[in-house]
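Have a look at the structure below before the remarks.
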Amino acid sequence: MPRGDKSAYTDKQKRKAEHIEEGYEKRGVSQEEAEKRAWATVNKQDGGGNKSGSGRKNHPGS
């Protein structure tokens, strides 16, 4: 998967990034920078795109 490919993200994550991006743009951030910040925020909150495997959870310290 090439860098910048958003196919591994869920529709919910894509909507979340779009909403965050709009908020940054309203505050005067350029479109390109707003998009970068929005995806960085989604990655930090959700741990990136879809993960395969059942029972995957975010365990502190692992």
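Take the Cα of K36, step 7 Å toward its Cβ, do the same at T10, and the gap between the two points is 2.8 nm.
When you work out D = kT/(6 pi eta Rh) for region 1-51 at 20 °C and 1.002 mPa s, using the Kirkwood radius from C-alpha pairs as Rh and the Stokes-Einstein form, the result is 194 µm²/s.
Coordinate-derived values only; no laboratory data. Every value quoted in this text rests on a predicted model; they were computed, and no experiment measured them. Cβ: placed from backbone, ideal geometry, glycine included. Neighbour counts: every protein chain shown.
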